[in-house]
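Student: Questions regarding the structure given below will be posed in turn.
The values are calculated or read from the model by the stated rules, or taken from the named source; none is laboratory data. Please read all numbers here as calculations on a predicted model, not as lab measurements. For neighbour counting, all protein chains shown are included, and Cβ atoms are generated from backbone atoms with ideal geometry for every residue, glycine included. Please note that ligands, DNA and RNA were not included when accessible areas were found on the heavy atoms of the full protein model with its side chains. Shrake-Rupley method; radii C 1.70, N 1.55, O 1.52, S 1.80 Å.
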Amino acid sequence: MKTLDLNISERLFTLTVLNGFKGDLDKLAIVLEDIKQLPIEDAEWDKAERIVEANQWRWNDEKGGTKSIVFQKETCKYILDVIDEKNKKGEFSLQDRAVISLQNKLTSK
């Protein structure tokens, strides 16, 4: 198990990755358990000063703070595998800072 303090952007990216999970049922059960910790509450959005305009959301991760999430090793591995795959395909841009920080948190000891 690994405990990570994730900001809103990191949690949203992780939700996107885990919502696309394809794999064995035994790992799916683990992912389903871990994903329950990721949703962002209204109070967190308020704290992060979320603005919704014309189908675009903006928020301040620093003001929103972090939430401690405990991932099982299988979930960490899956997230890192997806990040590596997308990286090899060149799918990231400057807008994906949350991916870099998430990857660093997942690979740190």
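Student: Rounded if a/c is under 1.5, else prolate if a/b beats b/c, else oblate: with a ≥ b ≥ c from the C-alpha gyration tensor eigenvalues square-rooted, which is region 47-87?
Tutor: oblate
Student: Still on this structure, please answer the following. Could you give the longest part of the chain that holds none of the GluC sites (Glu not before Pro) found in DSSP loops with at most 15 neighbouring Cβ atoms within 10 Å?
Tutor: By the stated rule (loop sites, at most 15 other Cβ atoms within 10 Å), 50-90.
Student: Excluding L38 itself, what net charge comes from residues whose Cβ is under 10 Å from its Cβ, given Lys and Arg +1 and Asp and Glu -1?
Tutor: That sum, taken over residues with Cβ under 10 Å, equals +1.
Student: For the chain, what percent of Cα pairs sit more than 25 Å apart?
Tutor: Roughly 22 percent, rounded to a whole number.
Student: Using the basic label-point model (7 angstrom from Cα toward the beta carbon), what is the D42 to M1 distance in nanometres?
Tutor: Here the modelled spin labels are 3.1 nm apart.
Student: Find the accessible area per residue for region 27-109; the probe is 1.4 Å, ligands and nucleic acids are left out, and the unit is Å².
Tutor: Result: 71 Å² of accessible area for each residue.
Student: On the accessible surface of the chain, probed at 1.4 Å, how many percent belong to carbon and sulfur atoms?
Tutor: 50
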